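Let me begin by presenting the structure, written as structure tokens, before commenting on it.
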There are 2 protein chains.
Amino acid sequence: MNPWSGNNDRERWPDLAARYSTIGVSSDHETKTSMIDQPDPGAVEEYLLSLQARLCEALARADGGGVFGEDRWTRPNGGGGCSRVLEEGALFEKAGVNFSHVHGAALPASASAARPELAGRSFSAMGVSLVLHPRNPYVPTTHLNVRFFSAQKPGAEPLWWFGGGFDLTPYYGFEEDARHWHRNARAACNGFGDQLYPELKRACDRYFYLKHRDEARGIGGLFFDDFSRFGFARSLAFMQAVAEHFLPGYLPIVARRREHPWGDRERAFQMMRRGRYVEFNLVYDRGTLFGLQSCGRTESILMSLPPNVSWRYDWHPEPGSPESRLMEYFLVPRDWLAADATSLDESLLAE
Amino acid sequence: MNPWSGNNDRERWPDLAARYSTIGVSSDHETKTSMIDQPDPGAVEEYLLSLQARLCEALARADGGGVFGEDRWTRPNGGGGCSRVLEEGALFEKAGVNFSHVHGAALPASASAARPELAGRSFSAMGVSLVLHPRNPYVPTTHLNVRFFSAQKPGAEPLWWFGGGFDLTPYYGFEEDARHWHRNARAACNGFGDQLYPELKRACDRYFYLKHRDEARGIGGLFFDDFSRFGFARSLAFMQAVAEHFLPGYLPIVARRREHPWGDRERAFQMMRRGRYVEFNLVYDRGTLFGLQSCGRTESILMSLPPNVSWRYDWHPEPGSPESRLMEYFLVPRDWLAADATSLDESLLAE
């Protein structure tokens, strides 16, 4: 399960040094990178494009019926992207995997509000965003994002940082799945310091939270932003580790749940829970707001929204029902790896 | 059709002077109001409660099947409200008519961003909000809101203002309906100056606009905010005129369209267009943001969201189809009363 061990995993995620020697970046990139730890946007872009292609290939295979369409677009103010969406598949009611790389003269408010030193800088932002909405309510919805920002101003050193993470939004919870998801998230942080998983797990719980509902969006995972602490090459390696751990986290859960029988009751619950997903993305999500404020391509930004959604006034699940258990047990920040005492210093996970 | 003429209309909207002599406000209120044009929150609240009751009664009668539930709630930080929702009716898939009256120590950002003189003031806000989501896609969705704010600070005169309006969101457009809707909106402004309808019509077009789609939410109506220009009593009378013109604007359209046959195609289009409604309310709507930011009752605030909604990636109607005509003809700011040249100085409507 850990992609950091075993020969097959090398294929899934060729290591950073190997990538630098094979990807077709300019010699200028190579020189800078090998000499000192300079930011190398070309290398990030190359990786992100490869990531998007590999994710779509693996997810179409997992779906078994649907095909990813492909829309290449350019942005009037600079940059562009490639949106890939699969709709009405066998497994996925809607699956989107977007790449974008945009530039702008000034960072929009959603990006600079918390960091005044960024105001007035021009920026470049690239990333891959994935949202999967399966049809079967027993298969969780999930989200992956990895991104790289740089912000320039004449006469000043460029600022740069990585961001991203992955999180899981089940409709019906399974402890086994939650533990697998978080073990895999911890594995993504392996080699980057023992404190990293608990730190980013807590950040994820904090970020994917609906204040107006006092409710978590899902069972979390990893979330990082303004991330440059390891220098460029190693921070990129960490972003890659997160991205490469996404499928090993998600696909085993799909395999376990995709044949689970479901009916109208489960579907109705899924559609209502998807309403929470819409609320989060449109009210709070920084990526969505950044995209809308920076005049991104609306259809690409909003591909994250679920295909069919419902809102009922003041609906509450019956006490003791599986629907109620989702809210009471799974959608509460929880140390899913507490039982892994043999392999984990539990104090790391304490708040 | 014009509620300002004929005896029956007096019943529909007893005039302001008559209301002041009959409503059970304290003698303090009466004294202030009769002596000078002091703000009288008690009179506004009394009117709003009566408005809510009358709207629910008329809409339940129009529905012919559903019943409005009633939830009274209090807000931990001050105030409360009464939410009335009808779901799965014969006409309305979801209809909500809320009254709320809340207080707070400081106005939230959504209310004070544009008016720095309000920062740091305590506030009181009361209003009635209505959103109707009919099942038949030929019957338009509609929204009415009327509200009264006051903002206090020790040693300063209280500031107060009214806001509100109504707007119509058709799925399939009819010129006859659009003209009726806007004639009625103009009638609501009768007696308040010839400039008022064109001014508030333009404000409505500007407000109910999805920047990220470059698309109007519907065919507009009236929108006003920070409204105190006529002094308290006459500004209240204007707010009442808007509120009382809502049913005469909407019910004749319902009567004309409710038996119009519809099928899967119309339903699918309606569900996608409802997605735009969700986008507007969660991304832009000041009332929604104010409610969420001021820790209002979430279920009451989000009763505005449609019951069943869908998003499809990058869907566009077939050129020449009725669905395409909605977007190209109806969802474009337009002078619906241009043909009424005999009764209207057209220059008033020029931008």
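Nothing in this text is a laboratory measurement; each read-out follows from the coordinates by a stated rule. Computed from a prediction, not measured in an experiment: that's the story for all the values here. So basically every Cβ, Gly included, is an ideal-geometry build from the backbone, and we count neighbours across all protein chains shown.
What are the label-to-label distances in nm, one decimal and shortest first, from B:N77 to the same spot in the other copies, with labels 7 Å along Cα to Cβ? Label-point distances to the other copies, shortest first: 3.2 nm. Enter the angle in degrees (range 0 to 90, nearest 10) between the Cα long axis of helix A:231-244 and the first principal axis of the Cα atoms of chain A, meaning the one along which they spread out most. Orientation of helix A:231-244: about 30 degrees from the principal axis. When a/c is below 1.5 the answer is rounded, else prolate if a/b is larger than b/c, else oblate, so apply that to the stretch A:156-263 with a ≥ b ≥ c taken from the square roots of the Cα gyration tensor eigenvalues. Judged from the Cα gyration tensor, the stretch A:156-263 comes out prolate (a/c at least 1.5, a/b above b/c). Binning the alpha carbon pair distances of the protein assembly as shown at 20 angstrom intervals from zero yields the distribution 16, 46, 30, 8, 0, expressed in whole percent. Extension gain for B:E157 to B:D214 (0.36 nm times residue separation, less C-alpha to C-alpha distance): 16.4 nm. Counting only alpha carbon atoms, the long axis of helix B:41-63 and the longest principal axis of chain B meet at about 30°.
Each semi-axis of the equivalent ellipsoid for the stretch B:51-161 is √(5λ) with λ an eigenvalue of the Cα gyration tensor; in descending order they amount to 34, 14, 11 Å. Based on the Stokes-Einstein relation at 4 °C and a viscosity of 1.567 mPa s, and on the Kirkwood radius from alpha carbon pairs, the stretch B:195-247 is assigned a translational diffusion coefficient of 106 µm²/s. Mean partner shielding of peptide B:296-307, defined as the number of other chain Cβ atoms within 10 Å of each residue Cβ, is 4.
Ellipsoid semi-axes for the stretch B:218-295, based on the Cα gyration tensor and the rule √(5λ), read 31, 22, 9 Å when sorted largest first. Kirkwood-type hydrodynamic radius, the stretch B:260-316: 12.7 Å, calculated from all non-identical alpha-carbon pairs. Ranked by the mean number of other Cβ atoms within 10 Å of their residues, highest first, the peptides A:69-82, A:308-321 fall in the order A:308-321, A:69-82. So how strong a dipole does the stretch A:174-239 carry about its Cα centre when Lys and Arg Cβ are +1 and Asp and Glu Cβ are -1, to the nearest 20 debye? Here the stretch A:174-239 has a charge dipole of around 140 debye.
Legend: translational diffusion of the stretch A:210-351 by Stokes-Einstein, Rh = Kirkwood radius over C-alpha pairs, 20 °C, 1.002 mPa s; D = 116 µm²/s. Helix A:246-257: angle to the longest alpha-carbon principal axis of chain A, degrees 0 to 90, nearest 10? Tilt relative to chain A: about 20 degrees. Annotation: chain B has a Kirkwood hydrodynamic radius of 20.9 angstrom, from the mean reciprocal C-alpha pair distance. With only Cα atoms counted, the stretch A:46-95 has Rg and Dmax values of 12.4, 38 Å. Between copies, the label points of A:P333, set 7 Å from Cα on the Cα→Cβ line, lie 4.5 nm apart, reported in increasing order to one decimal in nanometres.
Starting from the label point of A:P158 at 7 Å along Cα→Cβ, the same points in the other copies fall at 5.7 nm, in ascending order.
Counting only other chain Cβ atoms within 10 Å of each residue's Cβ, the peptide B:249-261 averages 0. Once both labels are positioned 7 Å from their Cα atoms along Cα-to-Cβ, the gap between B:A203 and A:E175 label points is 5.9 nm.
Its alpha carbons considered, the stretch A:124-216 gives a radius of gyration followed by a Dmax of 16.4, 54 Å. Summarising the rotation from chain A to chain B, the nearest chain A beta-carbon to the axis and its distance in Å are given as A:L282, 2.
Counts of other chain beta carbons within 10 angstrom of each beta carbon in peptide B:309-321 average 5. A protection proxy built from the mean count of other Cβ atoms within 10 Å ranks the segments A:90-102, A:257-269, most packed first, as A:90-102, A:257-269. Ellipticity at 222 nm from helices only: DSSP H runs of n ≥ 4 in chain B, each -39500 (n - 2.57), divided by the residue count, give -11500 deg cm²/dmol. In terms of distances greater than 27 angstrom between alpha carbons, the cross-link table entries A:K153/A:K201; A:K211/B:K211; A:K94/B:K201 yield A:K153/A:K201; A:K94/B:K201. Charges were assigned to the Cβ only: +1 to each Lys and Arg, -1 to each Asp and Glu. The resulting dipole of the stretch B:225-351 about its Cα centre is roughly 460 debye.
Highest mean first, the peptides A:125-136, B:286-297 sorted by other C-beta atoms within 10 Å per residue fall in the order A:125-136, B:286-297.
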